[in-house]
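What follows is a short report on a single structure.
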Amino acid sequence: MTGTVEAELEQFTRGDIQAFETLFREYQGKVYAWIVRIVRDPGAAEDLTLETFWRIYRARARFDPRRPFGAWARRIATNLALEHLSRRPAEKPLDDGLARRAAATLTPDSAIGAEVRAKVAAALGELPAKLRAAVTLAMIEETPYAEIADALGISINGVKSRVFRAVRLLRRSLEKRGVCP
Amino acid sequence: MNERDEALKELLKRATGGPADPELKHDLWPEMLRRLERPPVRIPWWDWALAAALLLCLLLFPETIPAVLYQL
C-alpha cells in the first residue's frame, strides 16, 4: 500500500468528506459489481451499494488504515446482500418475483420456457440466503471459490460445502416441480 | 464437478440469463452526498421529559400499569 493511499485512508477515518468521496468514486463500481452478482437485481444492488458506503462512513473510526479498504467494503457489502436475500422471499413471492426481474434485467435463453424459468427462480428462492449466494456466485457467475470464500469470510472447503448443499436442495426442489436437469 | 452438476449449472445459467451485468450505469456519489447531508433524526427534549415522567409515574404508582397498557 502506498503512503498516499494510507494517508487518504487516515483522513477518511477522521471524517474527511473529500477523502471519503475519493474512496467512494474509486470503489463504488467494484462494490456494485460484487453486490449485483449476489442479488441479481440492478436497482436493489444500487440501493445496497449506497447502504454499504453509508455503513462504511458511520464505522470509519473503527477502520484501520493499514488494512485493505476493498476487502472491508466487500465484507460489508456481502453481509448486506445476504440480509437482502433473506428478507426478499418474505416480501415478494419469488415464483413470479425473481422470474419477472430476471426477464426485465437479464436475458434468459429463449429456448427455455417461461414455466421452467419460473420453476428455477422458485427453487433458487427457496434456498437459504447463504446457500443461494454461494450457488449463484459459483454456478451462475462462475466466481472462483477463493474469491467467494474471501468475501463470505469462510474457507474454500466451506464454500464447497455450501455449494454442494445448495445443489442437492436445488435438484430435489426442481425434481419436485417436474424439472430434471 | 460431474456431468449432472454441469447440466444443472447450464440450466441455471440459461434460466437466469447468465452472469449479471457488473457495470454501474451512473455515478452514485450525488445520492450518497444527499444522504450524508440529511440532518440526523433528533428527538426533542420534551419527548425525553415525557418518557421520563411516564416512567417515574409507573414506578411510583405500579397499579396504573394495566390502565396504561389498556390505553396502548
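If I filter the stretch A:37-49 down to residues being at pLDDT below 95 and at the interface with another protein chain (Cβ under 7 Å from one of its Cβ atoms), which single residue comes out as surrounded by the most Cβ atoms within 10 Å (Cβ to Cβ)?
A:R40
Select from the stretch A:109-136 the residues that are under 17 Å from B:E6 (Cβ atoms) and modelled with pLDDT of 90 or more and write down the one among them that is nearest to the other protein chains (Cβ to nearest Cβ).
Only one residue fits best here, namely A:V120.
List pairs: first residue in the stretch B:22-37 and within 7 Å of chain A (Cβ to nearest Cβ), second residue of a type in the set (D, E) anywhere in the structure, Cβ distance under 7 angstrom, at least six positions apart or on different chains.
Filtered contacts from the stretch B:22-37: B:L28/A:E46; B:W29/A:E21.
Is it the case, given these coordinates, that A:V5 is in a helix (DSSP H, G or I) and modelled with pLDDT of 90 or more?
No: the conditions fail for A:V5.
Among the residues of the stretch A:23-47, how many are of a type in the set (K, R) and either without any contact (Cβ under 8 Å) to a residue 12 or more places away in the chain or closer than 30 Å to A:T4 by Cα (or both)?
2
Please state which of the following conditions A:R75 fails to meet, knowing it meets all the rest: (1) more than 12 Å from the chain's Cα centre (by Cα); (2) away from chain B (no Cβ under 12 Å); (3) among the charged types (D, E, K, R).
Every condition holds for A:R75 apart from (1).
With the requirement that a residue be assigned to a loop (DSSP other than H, G, I, E, B) and basic (K, R), what does the stretch B:13-65 give you?
Within the stretch B:13-65, B:K25, B:R38, B:R42 meet the criteria.
The values are calculated or read from the model by the stated rules, or taken from the named source; none is laboratory data. What you are looking at is a predicted structure, and each value in this text was computed from that prediction instead of being measured. Quick reminder, even Gly has a Cβ in these numbers, built from the backbone with ideal geometry, and neighbours come from all protein chains shown.
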